[in-house]
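Here's the structure we're looking at; comments come further down.
Only the coordinates and a few stated rules stand behind these numbers; no lab work does. The structure displayed is predicted, hence computed values, not measured ones. Because the Cβ atoms are built from the backbone with ideal geometry, glycine has one as well, and the counts that use them run over all protein chains shown.
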Amino acid sequence: MSVWRRILLASAVTAAITVSLSVLPHMKGRDAAVDSDLAVFRSAPLIRLSSDNLVDHMLGLQLQLKIIKVDWKQAVLSVDLSVDAARDNSRVWAGDMQRLLHLAFMRTSNVNRVLIRYMETIDTLQGSAHAEDERASRSADLRMLAAADARRSDQWLAEGVMGLNDENPFTDPLWRGRLRLLFSDIGSSRLQ
C-alpha cells in the first residue's frame, strides 16, 4: 500500500468516527436522560475545611462586606463582618450569609456550625481632650447589630440555602427562626 492510500484510509476512518460520535448524543431511546443537560464541568467540592485552606476559601467567596475576623475551632466557623452604617442593605447581608452557609454546609463535610456576626465600627476618642496626637488616641470599637447561628443538623438545610436571598431573612419570621437571628436594639431598629 502506498503512503497516500494509508493517509487517505486513516482520514476516512477518523472522519467516520467523528461523525458517529457527534450523532451519538442526538440518538433517541436513551434512558431517562433524553433532552436533559449534563454538567460536564463541575467545580470539585471542598472535602475538608482546615486552618491551612480557610483563607483561600474565604477569599474565594468574594463577600461584599468586609471580613473583620474569622475563627475556626472544632468544626465551628465564626465570621465577623463589618457593616457600614451609612449603607444598610439587608440584601447584601443576606447574600453574604448565603455564600457563607453554602461554603460551610454544601461544599464541605467538616463544618457543623456557622456563627455570623454583623458588626458596626464606632470611632471613639480615647484619652484626655488635650491629646497631642488625636490619631494616636483614636481606636475603633465594634458594636454588634445582628448575629446568626446555623447548624448542619438543621432540617431546613436539606432544601438548600439558595432561597435565603429571595426573602429578607432579617424580617421574615420563618428565616429568623431557622437562622436563630439575634439583634441588638440598634440592629433591630435598622433592619425592621
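ASP71: net charge of surrounding residues, Cβ under 12 Å, Lys/Arg +1, Asp/Glu -1, itself excluded? Don't skip to the end; give the middle numbers.
Details: positive: LYS69, LYS73, ARG113, ARG117; negative: ASP80.
Charge balance near ASP71 sits at +3.
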Modelling each spin label as a point 7 Å along the Cα-to-Cβ direction, I'd like the ASN89/LEU61 distance in nm, to one decimal. 1.8
Can you list residues from other chains, or at least 5 along the same chain, whose modelled amide H is less than 5 Å from the amide H of ASN110? LEU49
Residue by residue, what Karplus-based ³J(HN,Hα) values in Hz, rounded to whole numbers, does the stretch 65-74 have, using 6.51, -1.76 and 1.60 with θ = phi - 60° and x for Gly and Pro? 7, 6, 7, 8, 8, 10, 10, 10, 9, 6
J(HN,Hα) series, the stretch 7-15, from Karplus relation 6.51 cos²θ - 1.76 cosθ + 1.60, nearest Hz, glycine and proline x: 5, 5, 5, 5, 5, 5, 5, 4, 5
Model label zone, THR121; criterion: amide N under 15 Å from point 7 Å along Cα-to-beta-carbon; scope the stretch 52-86: 65-69, 80-86
Report, by chain and number, residues whose modeled amide H sits under 5 Å from the one on MET119, excluding near sequence neighbours (fewer than 5 apart, same chain). LEU81, SER82, VAL83, LEU145
Could you check the spin-label model distance between ARG5 and ASP149? Points 7 Å from the Cα along Cα→Cβ, value in nm. 8.3
